[in-house]
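Below: the structure, in structure tokens.
Just so you know, all these numbers are worked out from the coordinates, no wet-lab data involved. Just so we're clear, the structure is a prediction, and the values are computed from it rather than from any experiment. Note that we place each Cβ from the backbone using ideal geometry, even for glycine, and neighbour counts take in every protein chain shown.
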Amino acid sequence: MTDSTSRHTDLSRAADAAALVETSGLTMSYGDVRALDGLDMTLRPGRIIGLLGENGCGKTTLLKVLAGVLSGYSGDVRIAGHTPGPESKALVSFLPDTSFLPDSARVTYCLGLYDDFFADFQPEKARDLIGFFGLSETSRLKEMSKGMREKVQIALAMSRDARVFLLDEPISGVDPAARDLIVDGIVRNLSEDALLLISTHLVHDLEPILDAAVLMRHGRVLLQGDADDLRQHHSASLDQIFKETYR
């Protein structure tokens, strides 16, 4: 079986699998500002999905709700059948768009921190990624560039045995030369039956790995579908569709 045939078979199985993430009428407001506005979405396992949209469209709010770190919403949210809470958090690995590790810590400390905190953390996988990124486990975070710190956080987040991975703008603070390496690291040990949802506006850099895309605007799903179907329907790349949609 060729790689392309195998990939097609995997996607077909994913289409038949039960949804891992479901939202129905999901609404979230900050005062008078509605960040999510009746958002409906169904995402299945075995897929890498780009969550695309302009700043302020609700991407980060959606990821935080799915990760179980933001409450106060209305509507229905399910992660593998669970409402956001302890059961769903055990299945989800969330990488926020801001640094969450202490500046003075060494990489070895961060590895131990994750190992203590997450029962599904796989230290050897994390060490493999740290080495893949060309980082030293003895380095302190405060001695690293923003891009190097981002690599540490990605290595930690992607080394949990999670069913759902939520990455919020994982390559936004990284110079273009390092983006390909980071993208390769993100998918390096990704389980075939996991769901990876990546928020980004750098569509060109992530398009080669995306199986599907969800485009958001004003807290709603504007456009979604399989990557190949979208490209064929619009006779354009996902990057071109993105730029045309938000022009």
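Mean sequence separation of contacting Cα pairs (under 8 Å, at least six apart), scaled by the length of the stretch 40-181, corresponds to a relative contact order of 27 percent. Across the chain, Cα pairs under 8 Å and at least six residues apart give a relative contact order of 26 percent. With a simple spin-label model that places each label point 7 Å from the Cα along the Cα-to-Cβ direction, the separation between Ser71 and Asp37 comes to 2.7 nm. Build a GNM of the chain with springs between Cα atoms under 10 Å apart, and of Gln153, Gln232, Gln224 the one that fluctuates most is Gln232. Residues in the stretch 122-134 carry Karplus couplings, in order, of 10, x, 5, 5, 5, 5, 4, 5, 4, x, 4, 7, x Hz; the curve used is 6.51 cos²θ - 1.76 cosθ + 1.60 with θ = phi - 60°, and Gly or Pro positions show x. Under a 5 Å amide H cut-off, with hydrogens placed 1.01 Å from N, Phe165 pairs with Ser93, Leu195, Leu196, Leu197 among residues at least 5 apart or on other chains.
Quick one: which residues, 5+ away or cross-chain, put their amide H under 5 Å from the amide H of Leu215? H built at 1.01 Å from N. The answer is Leu52, Leu222, Leu223, Gln224. Helix content alone sets the calculated 222 nm mean residue ellipticity of the chain: runs of n ≥ 4 DSSP H residues at -39500 (n - 2.57) each, divided across all residues, give -11000 deg cm²/dmol. Compared with the direct C-alpha span, the chain from Arg140 to Asp120 gains 4.7 nm at full extension, assuming 0.36 nm per residue. Across the stretch 145-157, computed HN-Hα scalar couplings (Karplus, 6.51 cos²θ - 1.76 cosθ + 1.60, θ = phi - 60°) run 6, 4, x, 5, 5, 4, 5, 4, 5, 5, 4, 5, 5 Hz from first to last residue, x flagging Gly and Pro. Computed from phi, the 3J(HN,Hα) profile of the stretch 26-39 under the Karplus parametrisation 6.51, -1.76, 1.60 (θ = phi - 60°) reads 5, 10, 9, 10, 10, x, 8, 9, 8, 7, 10, 10, x, 6 Hz, with x in place of Gly and Pro.
GNM on the chain, alpha-carbon springs under 10 angstrom: the most fluctuating residue among Gly185, Gly50, Gly31 is Gly31.
With a ≥ b ≥ c taken as the square roots of the eigenvalues of the C-alpha gyration tensor of the chain, please select rounded if a/c is under 1.5 and otherwise prolate if a/b is larger than b/c or oblate if it is not? It comes out rounded by the Cα gyration axes.
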